[in-house]
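In what follows, a single structure is set out as structure tokens and then discussed.
The values are calculated or read from the model by the stated rules, or taken from the named source; none is laboratory data. Since the structure is predicted, the reported quantities are computational estimates derived from the model, not experimental observations. Positions of Cβ are backbone-derived with ideal geometry, glycine not excepted, and every protein chain shown enters the neighbour counts. When the accessible area is computed, the model is the full protein with side chains, heavy atoms only, and any ligands, DNA or RNA have been set aside. Shrake-Rupley method; radii C 1.70, N 1.55, O 1.52, S 1.80 Å.
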Amino acid sequence: MISSTAKARFITIEGVEGVGKTTNIQFITAQLEKARIPFIVTREPGGTPVAELIRQLLLTKRDEHICELTELLLIFAARAQHIHHVIAPALREGKWVVCDRFTDATYAYQGGGRGLSMEKIAALETMVQGELRPDITYILDLAPDIGLHRARQRGELDRFEQEKIEFFNRVRAAYLARASRDPERCVVIDAGMALVAVQSAIRSHLDVIL
Ligand code: TMP
């Protein structure tokens, strides 16, 4: 069991649509429970009532086009709210935070996908997060056509899921580029493997830190 004085960790899970984030988050939290580590599970965009409203704005397809900069600012507005009310207090109380997506998604979707400058994103990251960065990021990597096929089977597509395959290819490439620049923090896992193999890869990494 982990010592109660150990620093609470901030874990994020990333990947294109349909990579199996939800299933693997459940697996991660089951490992934390077994190790008796206090934690919360949350998601982005969202995680507070106001941030969930911003999520609806972002995910709902409307007649009015949401321009790239509006999208970026809405994402960081939701993030500011989420950090202030949920993430920072949990970490202060010694609870680990397991978050479904965080700022790597912004670099991947708004930077890679939409083509916004990484410097602009980095400036907002510093403004909104200060020093806060994830300690560990699992990037579930999968060919976007396979992931999108899975996502389509879940039902109606949201505003992002309706993007073309080229958009998701750029998202995937941006995730992998971030992982290669920050290999200490980012663990890339081949999400095309059987679920047991994906979970065993996560587990062997988690075992080292638990
Ligand atoms: P999800 O809950 O299925 O992951 O959907 C959230 C969507 O929001 C997903 O398509 C990715 C997108 N997104 C961004 O574009 N930028 C971000 O920073 C985050 C957190 C999510």
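Quickly run through the range 162-202 and pick out the residues that are assigned to a loop (DSSP other than H, G, I, E, B) and farther than 16 Å from residue 112 by Cβ. Even if it seems obvious, please write down each step before you answer.
To start, the set of residues in the range 162-202 that are assigned to a loop (DSSP other than H, G, I, E, B) comprises 162-164, 182-185, 191-194.
Result: 162, 183, 184, 185, 191, 192, 193, 194.
In the set 124, 91, which member is more than 13 Å from the ligand (Cβ to nearest atom) and in contact with a Phe, Trp or Tyr (Cβ under 9 Å, 6 or more places away or on another chain)? Talk me through it step by step, then tell me what you get.
Details: 124 fails: more than 13 Å from the ligand (Cβ to nearest atom).
Of the residues listed, the single one that is more than 13 Å from the ligand (Cβ to nearest atom) and in contact with a Phe, Trp or Tyr (Cβ under 9 Å, 6 or more places away or on another chain) is 91.
From 66, 28, which residue is of a type in the set (Val, Ile, Thr), more than 15 Å from the ligand (Cβ to nearest atom) and in contact (Cβ under 8 Å) with a residue 24 or more places away in the chain? It would help to see each step written out before you state the result.
Working: 66 fails: more than 15 Å from the ligand (Cβ to nearest atom).
Result: 28 is the single residue among 66, 28 that is of a type in the set (Val, Ile, Thr), more than 15 Å from the ligand (Cβ to nearest atom) and in contact (Cβ under 8 Å) with a residue 24 or more places away in the chain.
Among the conditions (1) more than 11 Å from the ligand (Cβ to nearest atom); (2) touching a helix residue (DSSP H, G or I) at 6+ places or on another chain (Cβ under 9 Å); (3) at negative phi, residue 60 misses just one, which is (2). The residue that is surrounded by the fewest Cβ atoms within 10 Å (Cβ to Cβ), among those in the range 130-144 that are closer than 29 Å to residue 80 by Cβ and free of Cβ contacts under 8 Å to residues at least 60 places away in the same chain, is 131.
Scanning the range 160-188 for residues that are under 21 Å from residue 22 (Cα atoms), open to solvent by 30 Å² or more (accessible area, probe 1.4 Å) and within 14 Å of the ligand (Cβ to nearest atom) returns 162, 172.
Inclusion of residue 81 among residues that are within 12 Å of the ligand (Cβ to nearest atom) and either without any contact (Cβ under 8 Å) to a residue 12 or more places away in the chain or not hydroxyl-bearing (Ser, Thr, Tyr) (or both) is not warranted.
When residue 116 is tested against the conditions (1) within 15 Å of the ligand (Cβ to nearest atom); (2) touching a residue at least 12 places away in the same chain (Cβ under 8 Å); (3) open to solvent by 50 Å² or more (accessible area, probe 1.4 Å), the lone failure is (3). With respect to the conditions (1) among the small types (Gly, Ala, Ser); (2) modelled with pLDDT under 95; (3) open to solvent by 30 Å² or more (accessible area, probe 1.4 Å), residue 147 falls short on a single one, namely (3). Please determine whether any residue of the range 14-28 is exposed (fewer than 13 other Cβ atoms within 10 Å of the Cβ) and not polar (S, T, N, Q). No, there is no match, as no residue in the range 14-28 is exposed (fewer than 13 other Cβ atoms within 10 Å of the Cβ) and not polar (S, T, N, Q). Out of 20, 46, one residue alone is within 14 Å of the ligand (Cβ to nearest atom) and under 24 Å from residue 202 (Cα atoms). It is 20.
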